[in-house]
Amino acid sequence: MRTEALKDFIRENGSLFWYTPEDKGEKVTDELLVETMLNYGSLEQIQSLFDLMGVREVGEIFRNMTGRKKMNYFPQVWNYFDLYFIKNVPGNS
C-alpha cells in the first residue's frame, strides 16, 4: 500500500509520467516509478524518492529489473546506479 506522502510525490512529479493518464498516475508500479525517476528525475527528486521509499527498497526494485525492463534504463543511468547500489546498499551486489 502506498503512503500518502509517496502518492503526493507522484502527483507533484506528474509531468515525468506524461504517458500515463492523470487519474492513473499514482497507481504506476514501483518498477515504473523507480525507472522513471532514475532516468528522468533531478538529483533532488531522486533524493526525495530515496527518503520516501528508502534507498534499500529502491535498490531492490532496481536490482530485480531483468531483460527488457533493464534495457529501459539509459546505459549511463544503469551503470551509475548499479555502482551506487553496490556501494550503498549492503547485500545488494
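Laboratory data are not the source of any read-out in this text; all were calculated from the coordinates shown. Here the structure is a predicted model, which is why all the values come from computation and not from measurement. We place every Cβ from the backbone using ideal geometry, glycine too, and count neighbours over all the protein chains shown.
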Let me know the longest stretch in the chain that avoids all chymotrypsin sites (Phe, Trp or Tyr not before Pro) found in a DSSP loop with at most 16 other C-beta atoms within 10 Å. 20-93
Can you compute the equivalent ellipsoid semi-axes for the chain, i.e. the square root of 5 times each eigenvalue of the Cα gyration tensor, sorted largest first and rounded to whole Å? 21, 15, 12
Mind telling me which of ASP51, ASP30, ASP82 comes out most flexible in a GNM of the chain, alpha-carbon contacts under 10 Å? ASP51
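To the nearest 500 deg cm²/dmol, what mean residue ellipticity at 222 nm is calculated for the chain from DSSP H runs of n ≥ 4 alone, each contributing -39,500 (n - 2.57), summed and divided by the residues? Display every interim value, and only then the final one.
On the way: 6 runs with 59 residues, N = 93.
Here the helix-only value at 222 nm equals -18500 deg cm²/dmol.
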